[in-house]
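Below is one structure, written out as structure tokens; comments come after it.
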Amino acid sequence: MSEMFSNRILNTKKSFIREILKVTQNKEVISFAGGLPNPISFPIEALKTSMNRVVDENGSNAFQYATTEGYLPLREQIATRYKKRFGLEVSPNDILITSGSQQALDLIGKALINKDDHILIEKPGYLGTIQALSLYEPQFHGINLLEDGLDIQSLEAALKAYAPKLLYTVPNFQNPTGLTYSKEKREAICELLKTTSTYLIEDDPYGELRFSGEDLPYIGSRGLEHSILLGSFSKIVTPGMRIGWICTKDSKLMDKLIIAKQASDLHTNFFSQCVISDYLAHNDLDEHIRKIKSLYKEQSSAMVNAIKTYFPGNIQITIPEGGMFLWATLPEGTSSLELFDLASKENVAFVPGEPFYTEELTSRTFRLNYTNSDSETIEEGIKRLAKVIKNR
Ligand code: PMP
């Protein structure tokens, strides 16, 4: 039967996290596995008002087919926000609205990747990107992610050895590690890429969620031509409405991405676009984001403190300055998959490191999400996990 299926789907794995989510639906389980924003951060009342206003003001137009590029007022609002936050000169024509930034990854794959093209990705890297781009059958090369960003020597060597089509990065509060690239690393990566024709993807769903330290400029903002920024309202407004975007000043690439988008789904859900745009016009997004950041700051501190109190001292963790995750490393010779099985029996879940690597390996790392449980639940979950680690 499997000969009926395409090689590209046969060679692409199910999302490990989506599978884990099935297990963690059980109410008894404390789950640090998913990457879910805290639902108390969804501005439900304001969205309800926006939905009604969109219908009242636009009538049937809100339910009609729309342009592939996306709702112009929303693209203008996104461009204005880039200008306000980073002084970036972005035109609405540089922005394509997508069904979440996950679709942006798929469209980039469609527009840029031929089978066996070389592409570079952080090691460990976002598993949704590994999955989305796997469908285009590239050769992945992982570049080690260090505390302050990519390992520059390995990056330089890989750029020379493979002339890759693209380099995929999450420079702010990376998924899965929670790490953030330093200013120096950003500059070094930009300078290196300027000597190549490799596209840089900066996927930035978490950048606005910095709860300590200072915002840093985008890598590509230092005049890098082949530069693609991905953004999303998933973590700052709501993920279920599926509104993200691609921002690039490379107009030739933008043309191709629009063709890919047309072929995929004609355009992003127009009603969702109108509602988000109305929400932005009538509410103070910065004020809303401040509330999310203070919530996540408290939750991340609860997790870091609980780990420091209950975990054995030989487990290393990253200390995030924003975003939704931290990353733990077990001592040599320990498997995080084994730990996952034991932890499931104690009703606590996390994501073992394996799916974040493009090669087969046994990992001793794992990802913990702190945004979807309150501080007491976080402490209880970490206690359970500590018990499993000590007794294994
Ligand atoms: N990129 C990264 C790094 C992510 O962590 C996620 C969400 N887990 C996405 C993209 C997809 O987000 P969206 O909801 O915008 O599709």
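The numbers here are math on the coordinates, done by the rules we state, and not lab data. Since this is a predicted model, take the numbers as computed values, not measurements. As a convention, Cβ positions derive from the backbone with ideal geometry for all residues, glycine included, and neighbour counts pool all protein chains shown.
Can you list the trypsin sites (Lys or Arg not before Pro) in the stretch 1-96 that are in a DSSP coil and have 16 or fewer other beta carbons within 10 angstrom? Numbers along the way, then the final one.
Numbers: sites: 8, 13, 14, 18, 22, 27, 48, 53, 75, 81, 83, 84, 85; in loops: 13, 14, 27.
Taking the stretch 1-96 and a limit of 16 other Cβ atoms within 10 Å, the loop trypsin sites (Lys or Arg not before Pro) found are 13, 14, 27.
Could you work out which residue, out of 257, 230, 342, moves most in a Gaussian network model of the chain, that is, has the largest mean-square fluctuation with Cα springs under 10 Å?
Fluctuation is largest for 342.
Per residue Cα convex hull volume for the stretch 196-276, in cubic angstrom?
113 Å³
Using Cα-Cα distances under 8 Å and only pairs 6 or more residues apart, what relative contact order does the chain have, in percent?
On the way: 723 pairs, mean separation 91.9, N = 392.
After rounding, I find 23 percent.
With unit charges on the beta carbons (Lys and Arg positive, Asp and Glu negative) and the dipole taken about the Cα centre of the chain, which residue among 168, 233, 26 sits farthest to the positive side?
Toward the positive end, the furthest listed residue is 26.
Tell me, in nm to one decimal, what length is gained between residue 60 and residue 183 on full extension, where the rule is 0.36 nm per residue of separation less the Cα-Cα distance? Before the final figure, lay out each step's value.
Values: separation 123, 0.36 × 123 = 44.28 nm, distance 4.80 nm.
Fully extending the segment from residue 60 to residue 183 adds 39.5 nm.
What do you get for Rg/Rh over the chain if you use C-alpha atoms and the Kirkwood form of Rh? Could the numbers behind the result be given before it?
Values: Rg = 20.9 Å, Rh = 21.8 Å.
Rg/Rh for the chain comes to 0.96.
Could you give me D for the stretch 64-282, from Stokes-Einstein at 4 °C and 1.567 mPa s, where the hydrodynamic radius is the Kirkwood radius over C-alpha pairs? Units µm² s⁻¹, please.
On the way: Rh = 17.5 Å.
For these conditions, the coefficient is 74 µm²/s.
Provide the three semi-axes, in whole Å and in decreasing order, of the ellipsoid equivalent to the stretch 54-108 as defined by the square roots of 5 times the Cα gyration tensor eigenvalues.
Values: eigenvalues 105, 56, 16 Å².
Values for the stretch 54-108, descending: 23, 17, 9 Å.
Using a Förster distance of 22 angstrom, determine the FRET efficiency expected from the C-beta separation of residue 197 and residue 161, and round it to 0.05. Display every interim value, and only then the final one.
Details: r = 15 Å, r/R0 = 0.69.
E(calc), rounded to 0.05, equals 0.90.
Can you list the lysines whose alpha carbon is less than 17 Å from that of residue 235, not counting same-chain residues fewer than 8 positions off?
Straight-distance partners of residue 235: 291, 293, 297.
Give me the tail of P(r) for the stretch 212-320 as a percent: Cα-Cα pairs with distance above 25 Å.
48 percent
How large, in Å, is the stretch 17-126 by the Kirkwood hydrodynamic radius built from its alpha-carbon pairs? Before the final figure, lay out each step's value.
Working: mean 1/r = 0.0543 Å⁻¹.
By the Kirkwood definition, the hydrodynamic radius is 18.4 Å.
Along its principal axes, what span do the Cα atoms of the stretch 153-214 show, with the longest given first and each in whole Å?
Principal axes ranked by extent give 38, 19, 17 Å for the Cα atoms.
Taking a threshold of 20 Å on the Cα-Cα distance, which of the pairs 22/383; 83/252; 110/165; 110/194; 22/345 fall above it?
Numbers: 22/383 23 Å; 83/252 23 Å; 110/165 12 Å; 110/194 24 Å; 22/345 15 Å.
Among 22/383; 83/252; 110/165; 110/194; 22/345, the Cα-Cα distance tops 20 Å for 22/383; 83/252; 110/194.
From Cα pairs below 8 angstrom and at least 6 apart in sequence, can you work out the relative contact order of the stretch 64-282, rounded to a whole percent?
Values: 385 pairs, mean separation 60.5, N = 219.
Relative contact order of the stretch 64-282: 28 percent.
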